[in-house]
1. Could you go through segment 282-291 in sequence order and give the Karplus-derived ³J(HN,Hα) for each residue, using 6.51 cos²θ - 1.76 cosθ + 1.60 with θ = phi - 60°, rounded to whole Hz, and x for Gly and Pro?
2. Which order do peptides 230-237, 73-80, 84-91 fall in by mean Cβ count within 10 Å, highest first?
3. How tilted is helix 28-37 with respect to the longest principal axis of the chain? Cα atoms for both, answer in degrees (0 to 90, nearest 10).
4. Once phi is turned into θ = phi - 60°, what whole-Hz ³J(HN,Hα) does the Karplus curve with 6.51, -1.76 and 1.60 give for every residue of segment 107-120, x standing for Gly and Pro?
5. Along segment 200-206, what does the Karplus equation 6.51 cos²θ - 1.76 cosθ + 1.60 (θ = phi - 60°) give for ³J(HN,Hα), rounded to whole Hz, x for Gly and Pro?
6. Projected onto the charge dipole of the chain (+1 at Lys/Arg Cβ, -1 at Asp/Glu Cβ, origin at the Cα centre), which of W188, F146, S22 gives the Cα projection farthest towards the positive end?
7. Measure off 7 Å from each Cα along the Cα-to-Cβ vector at N81 and V175, then give the distance between these two points in nanometres to one decimal.
8. Rounded to the nearest 20 Debye, what is the dipole magnitude of segment 132-287 about its Cα centre when Lys and Arg each give +1 and Asp and Glu each give -1 at the C-beta?
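Every read-out reported here was derived from the displayed coordinates using simple, explicitly stated rules and does not represent laboratory data. Just so it is clear, the structure is predicted and the values come from calculations on it, not from any experiment. Note that each Cβ is placed from the backbone with ideal geometry, even for glycine, and that neighbours are counted across all protein chains shown.
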Amino acid sequence: MPISITPPSQLNADLHCHSVVSDGTLTPEALAQRASANGVQLWALTDHDEIGGQHRARAAAHANGMDYLTGTEISVTFADNTVHIVGLGFDPDDEQLAQGLALTRGGRGARAREISRQLEEAGIHDAYEGALKYVGNPELISRTHFARHLVEIGACRDTSEVFRRFLTEGHPGFVPHQWASLSSAVHWIREAGGMAVIAHPARYRFTANEEFALFSEFRKHGGEGVEVVTGSHTPSEYGTYADMAREFGLAASRGSDFHSPQESHTDLGALPPLPQGLTPVWELLGHRIQRRAAAA
Ligand code: AMP
Ligand code: MN
Ligand code: MN
Ligand code: MN
């Protein structure tokens, strides 16, 4: 029988999604099953500021016939904005990374109380308790959990409407927060043997100068990748960030950013391939991929 080998650029890799360990609604096991059913061959679970689901995710990936890369998505403050840095292929038992993430998560409880206080002033009562009902990990209460509660009580039709009317700058429930620094996030990931990747760059409201500064400083600190094809980008943004990847000499990543069957419009694995002429991050991370056992 001829052996078919998928060229690296055509591999169905999904290297960005969330479980109940952060603000997704599915368990790592249910995500792995869904990813595999959708044809994903290489998978990474990238919970916000958390690596508590990594061992489960790897076992579930292998049980479903997928190769696995460890993952996380670190919240960073850069130029007074929140930026997300994905880490891939690190050692999930690295102490410095675990401590850095614990520190990054640390302020979420007090922030959530303040979000709730602001919502109270806007006439929405007991939002903290409401949001908690959706929280799978007590250390990881996020705006997404508030958004689900606001939909449940009928304050908004869906979570997109919540983020237009609440929880974002200029609206009730927006609490500015100091996350990790860019240099720390990249450093923790690298020291743990992984690769740092700028998540969904088109989502940030940066001027051209600020964006240039982000990419330059990220590079300077040892960042190596950028998400080009993501559920958070439009097709024309794939082209924009393919050009940025080439300009800055960064490898390209691909990931759905799937959170929930009810909320996410891009399903696991349901993305176009990377544009031609880019180096996929998984080509550089070959030695960090935890491979499923070869079929007998
Ligand atoms: P936090 O880390 O608590 O600031 O929450 C950030 C999370 O909120 C993101 O990871 C998304 O899951 C969600 N989010 C932010 N903006 C939007 C939006 N416009 N629509 C839907 N979800 C959003
Ligand atoms: Mn999220
Ligand atoms: Mn993100
Ligand atoms: Mn994400």
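1. For segment 282-291, the Karplus-derived couplings read 6, 6, 7, 9, x, 6, 9, 6, 8, 7 Hz, x marking Gly and Pro.
2. On the way: 230-237: 15.9, 73-80: 19.5, 84-91: 24.5.
Put in order of decreasing packing, that is 84-91, 73-80, 230-237.
3. Value to nearest ten degrees: 50.
4. So the J values, rounded to whole Hz, are x, 5, x, 5, 4, 5, 4, 6, 4, 5, 5, 5, 5, 4.
5. Karplus-based 3J(HN,Hα) across segment 200-206 equals 4, x, 5, 6, 7, 8, 9 Hz.
6. Value: S22.
7. Result: 2.4 nm between the two label points.
8. Working: 13 positive and 18 negative charges, 56 e Å.
For this selection, approximately 280 debye.
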